[in-house]
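Beneath this line is the structure, given in structure tokens, with notes to follow.
The values are calculated or read from the model by the stated rules, or taken from the named source; none is laboratory data. Note that this is a predicted model, so its numbers are computed, not measured. Cβ placement follows ideal geometry from the backbone for every residue including glycine, while neighbour counts extend to all protein chains displayed. Side chains included, ligands, DNA and RNA excluded: accessible areas come from the protein's heavy atoms. Shrake-Rupley method; radii C 1.70, N 1.55, O 1.52, S 1.80 Å.
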Amino acid sequence: MKTSPNKQKEMALEEIGSYIRRVPDFPSKGILFYDITTLIKNAGAFQKSVDMMAEMLAGKEITSFVAPESRGFIFASALSYKLGKELILVRKPGKLPSDTASVSYDLEYGKDVLEIHKDAINGKSRAVIVDDLLATGGTAHSTGRLVEELGGSVAGYLFLVELTGLKGAEALSPHPVWSLLKMPG
């Protein structure tokens, strides 16, 4: 008996999800940490996840992938290579060597700052912001603000995992949000 394409996709997503280690009470009590190192360690699962993320972008008009430090680099670089698009890195303060634009944003227990090279984005840029996990959306939203402040447009946000209970996708509205795996959070 042949397996339908939808069933094949569902099975592939279950397999990918099974490679993500869940670590309770990390980095603090009450947090369930989704550890992607066990996924990227498995070449086949990592390749399958990148291929499926690339399929989600089929037909989308994009020029670049913008990745916040540091786990976003992993998926954005693989997608950049696979789809032949620019890769733009967003870093913590003091890590980029040229003129930067920065944005400050709130975390659960304080503030953080992200920086991007000022010449990385221009008015023709249609960027997809890529990260490993969408929780509350603070990092992704701030990255999108940097793109827009430099004259580019955000074509959407792409994540390996979305923690749906934290409603991060709502914080990224009105832009599209694509997530390979949706998990309660």
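Tabulated values for the structure
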item	result
Counted charge near residue 172, where neighbours are those whose Cβ lies closer than 14 Å (Asp, Glu -1; Lys, Arg +1)	-2
Carbon and sulfur %, accessible surface of region 37-162 computed with the full protein complex present, 1.4 Å	48
Phi to ³J(HN,Hα) by Karplus 6.51 cos²θ - 1.76 cosθ + 1.60 over region 116-132, Hz, x for Gly, Pro	9, 4, 4, 8, 7, 10, 9, x, 8, 6, 10, 9, 9, 7, 10, 8, 6
Proximal aspartates and glutamates relative to residue 2, as straight alpha-carbon distance under 15 Å, when same-chain residues fewer than 8 apart are discounted	10
Rel. contact order, % - alpha carbon contacts under 8 angstrom, at least six apart, region 109-175	39
Among 18, 129, 3 the positive-end extreme of the charge dipole of the chain (Cβ point charges)	3
FRET E, pair residue 42, residue 4, Förster distance 25 Å, beta-carbon r, rounded to 0.05	0.50
Net length gained if the chain between residue 83 and residue 99 were fully extended (0.36 nm per residue, minus Cα distance)	3.0 nm
Gaussian network model of the chain, Cα within-10 Å springs - most flexible of 22, 126, 145	22
C-alpha long axis of helix 138-149 to longest principal axis of the chain, angle in °	50
Per residue accessible area of region 5-125, 1.4 Å probe, in Å²	60
Accessible solvent surface per residue of region 134-185, calculated while the other protein chains remain in place, 1.4 angstrom probe, Å²	39
Straight-distance crosslink candidates among aspartates and glutamates, where the alpha carbon sits under 13 Å from residue 9 and sequence neighbours closer than 8 are dropped	51, 55
Distance between modelled label sites at residue 69 and residue 15, nm, 7 Å Cα→Cβ extension	3.6
Of 97, 68, 24, the one that fluctuates the most in a GNM where the chain has Cα springs shorter than 10 Å	97
Using alpha-carbon coordinates, inclination of helix 71-83 to the longest axis of the chain, degrees	80
Helix 5-18 vs. the chain, principal-axis angle (Cα, 0 to 90°, nearest 10)	70
Percent antiparallel among DSSP beta bridges (both partners in region 13-152, rounded to 5)	60
Stretchable slack from residue 22 to residue 118, in nm (0.36 nm times residue separation minus alpha-carbon distance)	30.9 nm
Positive minus negative residues near residue 62 (Lys, Arg vs Asp, Glu; Cβ under 11 Å)	+1
Under 27 Å from the Cα of residue 92 - lysines, other chains or at least 8 residues apart	29, 41, 82, 111, 118, 124, 167
Rounded if a/c under 1.5, otherwise prolate or oblate - region 48-185, Cα gyration tensor axes	oblate
Model label zone, residue 29; criterion: amide N under 14 Å from point 7 Å along Cα-to-beta-carbon; scope region 162-185	none
Mean residue ellipticity (222 nm) of the chain, computed from DSSP H runs ≥ 4 via -39,500 (n - 2.57), nearest 500	-9500 deg cm²/dmol
Relative contact order, percent, region 1-42 [alpha-carbon distance under 8 Å, six or more residues apart]	31
Pairwise centroid distance, computed over Cα atoms, of region 28-54 with region 116-154, Å	22
